[in-house]
Structures are given as structure tokens and as C-alpha cells.
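Have a look at the structure below, then the notes.
The values are calculated or read from the model by the stated rules, or taken from the named source; none is laboratory data. Keep in mind that this is a model prediction, so the values were computed, not measured. In this analysis, Cβ positions are derived from the backbone assuming ideal geometry, glycine residues included, and neighbour counts consider all displayed protein chains.
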Amino acid sequence: MCIVGARPNFIKIAPIMAALNGVVPLILVHTGQHYDSTMQELFFQQLGIPKPDINLEVGSASHGLQTGTIMQRFEPIIDEINPSLVLVVGDVNSTIACALVAAKKQIPIAHVEAGLRSFDRSMPEEINRVLTDQISDLLFTTERSAKENLLREGIDEKRIHFVGNVMIDSLQIHRLKAVSPAETLKNLNIEIPLLLKEFDKNYAVLTLHRPANVDNPSVLKDILLLIQNISEQIPIIFPLHPRTSAMLKKNGLLETLGQSSNIICTPPAGYLEMLGLMDKAKLVLTDSGGIQEETTALGVPCITLRDNTERPITVEKGTNTIVGIDPSRVMAAIRNVLTTGGKIGRIPELWDGRAAFRIKEVLLNCL
Ligand code: UD1
């Protein structure tokens, strides 16, 4: 039984389900944590994920209520179907909620993307990661540091399998089908500014959705000012996460953003649109986890607007630089990319498009 709930889950589950298709019977449960068509339906279509067998339709709520509702609605499903294994991915509320129900029913759990640690317990995802790993039977890791983290937390080494990164499996499968930035803006009826007639390493992509960056109005205001300063150096394309647009609207900042001629705001981008936007960008600014990995795989410099990362390999080997939101550090990092081209980076070990295949092999042995 495969579980998905939020946008980053869809990108991870697609290659796993493709690898297992026809090999073992699969049931897909969607918790409905993300429900807008741009946040989920479009991803199912573009990534070729089968229609969920069950949708728990939980929608948005506070953390406790959302996690609790998923658990309450998932328990009867587990009772009825009694799967041999529950497979969860990533670190969202749906991940811990379904894993916890399965653990109490003594159903084996596989966690894909185990062992990542930011060591920042103010991040809801960090709590979800630590707890999911503790109750999982099979832990699939994307980088070597993850195993060290798990061993430190007392996880039995025999349960840990270094398989590589399923996000990069998806990226490799779909890169050639990526939608060009010009096409993306055209489809949204957004007028393309003159200086962007050729989208070729002459613009930046920005994504922002971490509660730490967008939920506090004064932090959000400061970041907005910073974005405006950056846009004087390079045009910015900014696909807005629903959480971010809601906070901008609530604080009367959406108009300010709209007035900056060098910042193009768009609705949440589809998977193929986002791949196209990142691939042709000079640099990417983000507070997302997955985008730090995707930019490393694409060889595009990434400036991470957080104080830490749970994905250290993207800094050690990849194109990622952690700068936080201090304006002088961010501007220095931008200048560095604009003058030197930024970090070149290498592809991390086992980020070779075969992670889902390795997961399949381990699962078949265990099942
Ligand atoms: C969730 C994950 C985060 C992941 C992100 C990717 C948790 C704790 N967080 O954060 O790790 O990086 O997904 O997007 O699980 N909303 C909509 N439509 C939707 C979904 C959300 O409008 O389809 C709005 C709602 O106002 C909602 C807010 O976005 O309250 C936040 O959604 P939620 O799923 O709670 O968290 P994310 O910030 O998306």
C-alpha cells in the first residue's frame, strides 16, 4: 500500500509505483492533504501516477487536526485491506500519520527518504522525519549522511538501505519532456518581458513556502524587500505556493509584488513546467527541500533561503549554497553566481535514475 498526500510525495511515488507495477499488487491511498488541481491532479497526469484507489479527502487544517483526521480515516482502510506493507515517502504530515496507524497495527512500514535531518525541531517536517524513521522497518536513504543519523538514533543497521534518490529518477524520466519557460508563461497568458525573449540562463526562479519564511508578516515583508532588490540584478519568476499567496494577500503584500516589473508571479507550476523553469534558469532561490536536490541534478546554482539543510550532500557535492534570509549574505551569493557562474557541482552517489529499481529489489526480498 503506497501513501501520498502532498505535492513532493507525488514526484517520489511515481517511479516506485512504475517499478512495482505488475510485480506486486499495489493500492494507492491519497490522503488529500493537497487538493487543488495545480497541487495534485496535474502531477498525477504529468507523472503518470494511477488514480488513487482511496482518497481520504482530509484537506487543510492545523497540524494536530490534519494528522489526526488522516489517522482516523486511514485506520478502517488498514483494517479492511490488511496490506503486507505500507510504503510512505518524505516528511509531510501524511507520512507520519499513516506510518503511525500502520505501526500500531503491526503492519511493516517502508520509509523512502529516511534519515535526513536538519537538526531543527522547529520544522514540522523534522518531527515527522524522526518519528517516521523510529517506527519504520525498512529505511531507504538518498545519501550516506542519512545512515549516520539513523545509527545515532539507535536504528538497526540491517534495516537501512542506501538506494539513491527517487526524485532524481523522476527528473531523469521527464527532463526531455519539460515544458519550456516561454510555453509556460504563454499558457498562463502572462506577457513575456522584452529582456526575457530568450529564456536562457538570464533569469532566476524563486519558490517560498516554509512557515518560518512566510507565516510571520514582518519576516515576509523583509523577504519581499529582498526579492525586489534581487530583481534589480536579474528578472525573477516566482510560482506562488497557496500558503505563500494566502499570506501575501492577508498582509496586503500581493499588490506590492505585482508592481515590480522584474518579478513575474505565477500560480503553482506543474511538474514539467517547474523542470523547464529550473533547467533554463541562471539560478534558483528556494526554501524547498526537493528543489535543492533537483537543482543539483540539473547543475543549476541553488541559493537556499534557510539556515540549515537536511540534504547536506547538495552542499558538499552539488550546486547548493545555504544562506538564510540575511540580505547581505543573499546578495553576496547572487553576485557570486552572476559574476563567476556559481558552484558547478557533481552528481551525488547513486543519483543515477535507478533508485526505484533498487527499492523494488529490497522490497521483493523482504516480501
Ligand atoms: C506541505 C508539507 C511540506 C511540503 C509542502 C509542499 C507538512 C507539514 N508540510 O506544506 O513539507 O514541503 O507541503 O507543498 O506536511 N493549500 C491550498 N491548496 C492545496 C494545499 C494547500 O490552498 O492544495 C493551502 C491551504 O491554505 C493550507 C496551506 O496551503 O492551509 C498549507 O498546506 P499544508 O498541506 O498544510 O502545508 P504546506 O505548506 O503545503
(message) Can you tell me which residue is nearest to the chain's Cα centre (by Cα) among those in the range 14-63 that are among the aliphatic types (A, V, I, L, M) and within 12 Å of the ligand (Cβ to nearest atom)?
(response) Met39
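Per-residue answers, yes or no, for (1) under 22 Å from Pro348 (Cα atoms); (2) more than 16 Å from the ligand (Cβ to nearest atom); (3) in a strand (DSSP E or B):
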{"site": "Ala97", "(1), (2), (3)": "no, no, no"}
{"site": "Ala110", "(1), (2), (3)": "no, yes, yes"}
{"site": "Ile155", "(1), (2), (3)": "no, yes, no"}
{"site": "His161", "(1), (2), (3)": "yes, yes, yes"}
{"site": "Leu176", "(1), (2), (3)": "yes, yes, no"}
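Return the total of residues in the range 351-367 being aromatic (Phe, Trp, Tyr) and over 14 Å from Glu143 (Cα atoms).
To start, the set of residues in the range 351-367 that are aromatic (Phe, Trp, Tyr) comprises 351, 357.
Next cut, over 14 Å from Glu143 (Cα atoms) only: 357.
Counting residues in the range 351-367 that are aromatic (Phe, Trp, Tyr) and over 14 Å from Glu143 (Cα atoms) gives 1.
Are any residues in the range 22-72 of a type in the set (Phe, Trp, Tyr) and surrounded by fewer than 19 Cβ atoms within 10 Å (Cβ to Cβ), and if so, which ones? Can you show your working first?
Step one: list which residues in the range 22-72 are of a type in the set (Phe, Trp, Tyr), which gives 35, 43-44.
If the condition is that a residue be of a type in the set (Phe, Trp, Tyr) and surrounded by fewer than 19 Cβ atoms within 10 Å (Cβ to Cβ), then Tyr35 is the only one that fits.
Quick one: which helices (runs of 4 or more DSSP H) lie wholly within the range 248-367 and hold at least 2 residues that are under 18 Å from the mean Cα position of the chain (by Cα) and within 26 Å of Leu188 (Cβ to Cβ)?
On the way: elements: 254-259, 271-279, 290-298, 313-316, 327-340, 355-366.
Result: 271-279, 290-298.
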(request) Go through (1) in contact with a strand residue (DSSP E or B) (Cβ under 7 Å, 6 or more places away or on another chain); (2) not assigned by TED's automatic domain parsing to the domain that holds Ser288 one by one and return the number of the condition Arg346 breaks. (result) (1)
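Taking only the range 1-13 into account, find how many residues are assigned to a helix (DSSP H, G or I) and more than 11 Å from the ligand (Cβ to nearest atom). Explain how you work it out, then say what you get.
So the first thing to find is which residues in the range 1-13 are assigned to a helix (DSSP H, G or I), and the list is 7-13.
The next check asks that each one be more than 11 Å from the ligand (Cβ to nearest atom); those that pass are 12-13.
Count: 2.
Asp79: touching a Lys or Arg at 6+ places or on another chain (Cβ under 9 Å), among the charged types (D, E, K, R) and part of a loop (DSSP other than H, G, I, E, B), yes or no? Can you show your working first?
Details: touching a Lys or Arg at 6+ places or on another chain (Cβ under 9 Å): yes; among the charged types (D, E, K, R): yes; part of a loop (DSSP other than H, G, I, E, B): no.
No: the conditions fail for Asp79.
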(message) Restricting to the range 180-220, name every residue that is under 15 Å from Pro267 (Cα atoms), part of a loop (DSSP other than H, G, I, E, B) and either away from the ligand (no atom under 14 Å from the Cβ) or of a type in the set (A, V, I, L, M) (or both).
(response) Leu188, Asn189, Ile190, Glu191, Leu208
(message) Pairs please, first residue from the range 314-340 and under 26 Å from Met167 (Cα atoms) and without any contact (Cβ under 8 Å) to a residue 40 or more places away in the chain, second anywhere and basic (Lys, Arg) and part of a loop (DSSP other than H, G, I, E, B), Cβ atoms under 7 Å, 6+ apart in sequence or on different chains.
(response) Lys317/Arg346; Thr319/Lys343; Thr321/Lys343; Ile322/Arg306; Gly324/Arg306
(request) Look at the range 112-140 and say how many of its residues are more than 15 Å from the ligand (Cβ to nearest atom) and within 19 Å of Leu367 (Cα to Cα). (result) 6
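When you look at Lys317, is it at pLDDT 95 or above, touching a Pro at 6+ places or on another chain (Cβ under 8 Å) and crowded, with 17+ Cβ neighbours inside 10 Å, yes or no?
Values: at pLDDT 95 or above: yes; touching a Pro at 6+ places or on another chain (Cβ under 8 Å): yes; crowded, with 17+ Cβ neighbours inside 10 Å: yes.
Considered against the rule, which asks whether it is at pLDDT 95 or above, touching a Pro at 6+ places or on another chain (Cβ under 8 Å) and crowded, with 17+ Cβ neighbours inside 10 Å, Lys317 comes out as yes.
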(request) Among the numbered conditions (1) in contact with a His (Cβ under 9 Å, 6 or more places away or on another chain); (2) among the charged types (D, E, K, R); (3) free of Cβ contacts under 8 Å to residues at least 12 places away in the same chain, tell me where Asp137 comes up short. (result) (3)
